[in-house]
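Worksheet: the structure to be examined is printed underneath.
The values are calculated or read from the model by the stated rules, or taken from the named source; none is laboratory data. Everything numeric in this text was worked out from a predicted model, so none of it was measured. FYI the Cβ positions are ideal-geometry reconstructions off the backbone, even for glycines, and counts take in every protein chain you see. For the accessible areas, the whole protein counts, side chains as well, though only heavy atoms, and no ligand, DNA or RNA atoms are used. Shrake-Rupley method; radii C 1.70, N 1.55, O 1.52, S 1.80 Å.
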Amino acid sequence: MSNKPELFGTDGIRGVAGKYPLDAETIPKIGCALGAALARNGRPARVVVGKDTRESSEWIFRTLAAGLESAGTEVVDAGVITTPGVAFLARTHGFAAGVAVSASHNPYEDNGIKVLSAAGTKLPEARELEIEQLINRLDEAPAKATTSATFHPELVNDYVKFLAGLVPASASLRQYRLVVDCAHGAASRVAPLLLKRLGVTAHFLSAEPNGRNINLHCGSLHPEQMVEATRTLGADLGVAFDGDADRAIFSTSDGRLVDGDYVLYAMAPFLAQQGKLPGRAVVGTLMTNLALELALGRQGIGLKRTAVGDKYVLEEMLRSGLVLGGEPSGHIIFRDLSLAGDGLLTLLEILRLLSETQRPLGELVADFRPFPQLIRNVRVCEKPPLGSIAEVAQAIAECEGELGERGRVVVRYSGTEPLARVMVEGEEAKAVEKHTARIAGAIGAALAAGEG
């Protein structure tokens, strides 16, 4: 028996909606197994479920809820809400768990089931294994075909009230004009409520979901429209969320793209100056740009690296007693405020930074110059250990030898998609391009797949 979850990836159970494991036969089993795992001493659990705007999210929710209810679980429907919103509700409203039906930044055809603990965190692998074992013991899907879950529209307002309450009374946010790209996702419901409550003027983009346009040429993976609108409209700040708004990418007023590395570069010294950066260190991942590590080091701030995935970032933050961590993709965790990566919360922290320093974001990140970095995705049909492929291992070794201590290469499989990801960074762009192409080519040739 494997000691690693097989259904659960780095961000829950994910796949193409309607196909295994997100098919009509397996989803009820997932719900039933989760309900059984959450029950304690014969007492049924209460679970809150939220969803994004994909056309499949509603039927997946209802099918999952029926499975949960077959195990005696009470299901509360939060409607369309961000994943960190579900995490907040699980943590503060007495639920045994929260579930977000979302595939985050993936296209609309995909979907996912993200299970969050009562503390609002992603489940540890041991807990995921327990649920998978319970799924495997179910020969048939539970007989219950419909759900009695009721929609509670007030829950999203509770989350918005929590976020608004994080803004210090001394912070004047009304002075800022924003461009906000909601990726036609869950932020389309939550972001307008929050910014209206705070009195912030915002120009919204991609905030009209139709079930099939989530993340389509918009959002944090495609921020070009947001960047251009921020520049042309003369806004103070631009922000783009992904489908479930657990990540955020920003733009300066003059159209400079600001990813998660820039956010850590700006926030870490700010918190340190306030005496709010215990350990004088932050947590990044294998994908965090080497230039950030060097830049923070010059200010006496360390960087700890983890495997890719915000769950691993949080684990290291808790283990080391650190309060700030994140990924270049825009997952940022402010541990003193929330244990979940939250794009809206990150936006509020950036606005607080601008307000308290009275400096624009472009000025705060002007001196940060990331090393040239290329990421190439290679679609694969299987995932053998990459080090076992001679041509791949040789290409990686030659890259590492040439780049030395002023560069890095990271080659890994995606935890949620059939992809191998090749990341190369160094001071010379041509060398980065050469080695990225060679390593990606070796993987593609060995695993009979194409590049993305």
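State yes or no: is G302 open to solvent by 10 Å² or more (accessible area, probe 1.4 Å) and of a type outside the set (V, I, T)? So G302 passes the test.
Here is a yes/no grid of residues against (1) at pLDDT below 95; (2) among the hydroxyl-bearing types (S, T, Y); (3) not in a loop (DSSP other than H, G, I, E, B):
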{"position": "A229", "(1), (2), (3)": "no, no, yes"}
{"position": "A245", "(1), (2), (3)": "no, no, no"}
{"position": "F250", "(1), (2), (3)": "no, no, yes"}
{"position": "Y265", "(1), (2), (3)": "no, yes, yes"}
{"position": "F270", "(1), (2), (3)": "no, no, yes"}
{"position": "K276", "(1), (2), (3)": "no, no, no"}
{"position": "L294", "(1), (2), (3)": "yes, no, yes"}
{"position": "Q299", "(1), (2), (3)": "no, no, no"}
{"position": "R319", "(1), (2), (3)": "no, no, yes"}
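Conditions tested, residue by residue: (1) assigned to a loop (DSSP other than H, G, I, E, B); (2) crowded, with 22+ Cβ neighbours inside 10 Å.
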{"site": "G330", "(1), (2)": "yes, yes"}
{"site": "L337", "(1), (2)": "yes, no"}
{"site": "G341", "(1), (2)": "yes, yes"}
{"site": "L345", "(1), (2)": "no, yes"}
{"site": "L351", "(1), (2)": "no, yes"}
{"site": "E356", "(1), (2)": "no, no"}
{"site": "G362", "(1), (2)": "no, no"}
{"site": "A366", "(1), (2)": "yes, no"}
{"site": "R369", "(1), (2)": "yes, no"}
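For segment 1-96, the strands (runs of 3 or more DSSP E) that sit wholly inside it and include 3 or more residues that are touching a residue at least 12 places away in the same chain (Cβ under 8 Å) and closer than 18 Å to E132 by Cβ are 12-16.
The number of residues in segment 125-166 that are modelled with pLDDT under 95 and not in a helix (DSSP H, G or I) comes to 14.
Pairs linking a residue in segment 115-132 that is within 20 Å of P84 (Cβ to Cβ) to a residue that is open to solvent by 50 Å² or more (accessible area, probe 1.4 Å) and modelled with pLDDT of 95 or more, with Cβ atoms under 6 Å and 6 or more positions apart or on different chains, are A119/R91; G120/R91.
Of all residues in segment 318-327, those satisfying the criterion of being crowded, with 24+ Cβ neighbours inside 10 Å and either under 12 Å from the mean Cα position of the chain (by Cα) or free of Cβ contacts under 8 Å to residues at least 40 places away in the same chain (or both) are G326, E327. For segment 11-21, a residue qualifies if it is open to solvent by less than 40 Å² (accessible area, probe 1.4 Å) and not charged (D, E, K, R), and the qualifying residues are G12, I13, G15, A17, P21.
Looking only at residues in segment 215-239 that are in contact with a helix residue (DSSP H, G or I) (Cβ under 9 Å, 6 or more places away or on another chain) and open to solvent by less than 10 Å² (accessible area, probe 1.4 Å), the one that is farthest from H105 (Cα to Cα) is A235.
Within segment 37-68, being modelled with pLDDT under 95 and of a type in the set (D, E, K, R) holds for R40, R43. Looking only at segment 250-265, how many residues end up being in contact with a helix residue (DSSP H, G or I) (Cβ under 7 Å, 6 or more places away or on another chain) and either crowded, with 23+ Cβ neighbours inside 10 Å or on the phi > 0 side of the Ramachandran plot (or both)? Summing the residues that are in contact with a helix residue (DSSP H, G or I) (Cβ under 7 Å, 6 or more places away or on another chain) and either crowded, with 23+ Cβ neighbours inside 10 Å or on the phi > 0 side of the Ramachandran plot (or both) in segment 250-265 gives 9.
Each residue in segment 182-208 was checked for being more than 17 Å from the chain's Cα centre (by Cα), among the aliphatic types (A, V, I, L, M) and open to solvent by less than 40 Å² (accessible area, probe 1.4 Å), and 7 pass. Among the residues making up segment 147-181, those that are buried (at least 19 other Cβ atoms within 10 Å of the Cβ) and under 30 Å from A71 (Cβ atoms) are T147, A149, L155, V156, Y159. Residue-level analysis places S104 outside the set of residues that are open to solvent by 50 Å² or more (accessible area, probe 1.4 Å) and in contact (Cβ under 8 Å) with a residue 24 or more places away in the chain. Do we find that V308 is assigned to a loop (DSSP other than H, G, I, E, B) and under 21 Å from the mean Cα position of the chain (by Cα) in this structure? Criteria met by V308. Residue-level analysis places E382 outside the set of residues that are in a helix (DSSP H, G or I) and in contact (Cβ under 8 Å) with a residue 12 or more places away in the chain. Checked against the criterion of being of a type in the set (S, T, Y) and not in a strand (DSSP E or B), segment 201-211 contains one or more residues that satisfy it.
Listed here are the residues, each with its yes/no results for (1) surrounded by fewer than 23 Cβ atoms within 10 Å (Cβ to Cβ); (2) on the phi > 0 side of the Ramachandran plot; (3) of a type in the set (D, E, K, R).
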| site | (1), (2), (3) |
| --- | --- |
| D23 | yes, no, yes |
| P44 | yes, no, no |
| V49 | no, no, no |
| A66 | no, no, no |
| P84 | no, no, no |
| F88 | no, no, no |
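If you filter segment 212-227 down to residues that are in a loop (DSSP other than H, G, I, E, B) and of a type in the set (S, T, N, Q), you find that the one that is farthest from S329 (Cα to Cα) is N213.
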